[in-house]
Amino acid sequence: MVDVFGSGKIRWIASIGTGLLIATTGPAIAATNSLSGGIDNRFSDNARRTSSDEQSDLETQVNLNFQHLSDPGQCTSSVDMRVGYTYWHDDAFDSEAFANGSLRGQCELAKGLIWQASNTVSQVNRDNRQADTQENRTRKNVFRTGPVYTLQLTQIDQLQFSATYENTEFEEPEEPDSERVSGVVAYNHSFSQTLQGGLSVTAERTELDTQEELDRESAVATFNKVWATTRVSGSLGANRQETRLGSRKVSSDGVTGTFSLGREITPSSEFTLNADRRLTDQTSTLGLQFEDFNFNLTETSAVEVTTVRAGYNNRFSNGSAFGAELSASRSDYVQSGDREERSGINLRYSRPVTELLSWFTDAAYEHQRFEDEGSENDLVSVSLGLDYRLSTRMEVRSAIGHQQKTSDIPSREYDENWVAVSLNYQFF
């Protein structure tokens, strides 16, 4: 049997997370559930995405998707998981089982005191310089749990204490696993019904299985403002991180901050902007907050990260939809002095043809720059596809696409053409 979670320890951690969620929900809580399954077939003329000796292969993936959301109450839980099996017909890669998703739950133990638990499984790239293939991915499992206590000082003043234990594990043994303990004290003040502000202090200790230790402290001011069609929130402050490995000690100071803007331009269109800057390490949850952001796991652990993402979505009266996203990030690896920069754009447009049939197209461009070796990569991808609803429960999707990567290093270049057909069925 293939091990879905990769290692015995990861399975054990996931079981604890699941158990905590079940324990907190209880049988009396009604819930909404959704279960779907499907089969995806994707043929590629360069499955390994290599610059020479291209190998074509057909990838077949069978999957189940489960969503659960409990009703509000003393205890709540949510599940969003996708599990399945990938089979390569001509052995371009090893066939394997997979799991992606999250389990979350919380329960009110006493007035103002809740206990939270979550477990997240995701696929991340090991080396951002190489092609995004199954061989270059590893499974990342993050388990978090801890209490949050909220003390209501007045009707407009609130004091909050929280403590968190976090365990991060990678499927590949050469990647650094970690255990993290953190504590936060936050003060929040409500200036009005639409404006809140506060102060927050965080202390964090991370221990990696490489014997490396990281201590991080930060102090930030926070704010949140809501208008009729706009919402803005953010934080700004300073953080310090100290990294120790044996007798070697490296200290780093920097500005930390977050910014989030959401604006409803019209009833059918919205603009969003998110930015984040912090001192952190490779095992942090930053990649979960910015879905396609990956650390370079081949580098040292301590890293200063800056990310910016802007998006626009619009749904037209004829049923068509348009989405655009601009993103940029910079990773400065503290110990090695390496810097990695990424920027890109994603575009998507869909339009109904009939009540049951619609077509869509996607286009994306990404530029990568690696300062230590003076190299740059450019990645372009385009696709065109059809969605057809066979019944209220069954849908077929077909698509064709092309991806091209150019680089200062010839061995990283490749061209790929692919065709995909998938069938999905909604059980309930």
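Within segment 383-417, being open to solvent by less than 80 Å² (accessible area, probe 1.4 Å) and within 30 Å of Glu371 (Cβ to Cβ) holds for His402, Gln403, Gln404, Lys405, Thr406, Ser407, Ile409, Arg412, Glu413, Tyr414, Asp415, Glu416. Restricting segment 144-171 to residues that are in a strand (DSSP E or B) and hydrophobic (A, V, I, L, M, F, W, C) leaves a set whose member that is surrounded by the most Cβ atoms within 10 Å (Cβ to Cβ) is Phe170. Pairing residues of segment 215-241 that are open to solvent by less than 60 Å² (accessible area, probe 1.4 Å) with residues that are not in a strand (DSSP E or B), at Cβ distances under 7 Å and at least 6 apart in sequence or on separate chains, gives Lys225/Thr194. One residue alone among Ser358, Ser320, Ser331, Ser327 is in contact with a strand residue (DSSP E or B) (Cβ under 9 Å, 6 or more places away or on another chain), surrounded by fewer than 16 Cβ atoms within 10 Å (Cβ to Cβ) and hydroxyl-bearing (Ser, Thr, Tyr), and that residue is Ser320. If I filter segment 346-353 for residues that are surrounded by fewer than 17 Cβ atoms within 10 Å (Cβ to Cβ), of a type outside the set (Phe, Trp, Tyr) and not in a strand (DSSP E or B), do I get at least one hit? Yes. Against the test of being part of a strand (DSSP E or B) and of a type in the set (Asp, Glu), the options Glu135, Glu179 yield a single qualifying residue, Glu179. Taking the criterion of being hydrophobic (A, V, I, L, M, F, W, C) and buried (at least 16 other Cβ atoms within 10 Å of the Cβ), the residues of segment 63-80 that qualify are Phe66, Cys75, Val79. Looking only at segment 81-118, residues that are crowded, with 16+ Cβ neighbours inside 10 Å and more than 21 Å from Glu171 (Cα to Cα) come to 8 in all. In segment 275-317, the residue that is farthest from Ser218 (Cα to Cα) out of those that are modelled with pLDDT under 80, open to solvent by 30 Å² or more (accessible area, probe 1.4 Å) and among the charged types (D, E, K, R) is Asp292.
The requirement of being exposed (fewer than 14 other Cβ atoms within 10 Å of the Cβ), at pLDDT below 95 and hydroxyl-bearing (Ser, Thr, Tyr) is satisfied by Ser15.
Sub-7 Å Cβ pairs linking a first residue in segment 256-283 that is under 20 Å from Ser317 (Cα atoms) to a second residue that is at pLDDT 95 or above and small (Gly, Ala, Ser), at least 6 apart or interchain, are Glu270/Gly262, ordered by first then second residue. A count restricted to segment 249-274 and to residues that are open to solvent by 60 Å² or more (accessible area, probe 1.4 Å) and under 19 Å from Thr306 (Cα atoms) stands at 4.
Within segment 173-209, being in contact with a Lys or Arg (Cβ under 6 Å, 6 or more places away or on another chain), buried (at least 18 other Cβ atoms within 10 Å of the Cβ) and closer than 19 Å to Phe161 by Cβ holds for one residue alone: Glu204.
Checking each residue in segment 212-259 for being in a loop (DSSP other than H, G, I, E, B) and either modelled with pLDDT of 95 or more or under 30 Å from Glu270 (Cα atoms) (or both) picks out Trp227, Ala228, Thr229. Remark: Ser383 falls outside the filter, which requires a residue to be over 21 Å from Ser36 (Cα atoms) and modelled with pLDDT under 95. Residues in segment 366-403 that are of a type in the set (D, E, K, R) and part of a strand (DSSP E or B) were compared, and the one that is nearest to Glu325 (Cα to Cα) is Glu366.
The values are calculated or read from the model by the stated rules, or taken from the named source; none is laboratory data. Remember, predicted model here, so these are calculated numbers, not experimental data. Neighbour counts run over all protein chains shown; Cβ positions are idealised from the backbone, glycine included. Ligands, DNA and RNA are stripped out before the accessible areas are found, and what is left, the full protein with its side chains, is counted by its heavy atoms. Shrake-Rupley method; radii C 1.70, N 1.55, O 1.52, S 1.80 Å.
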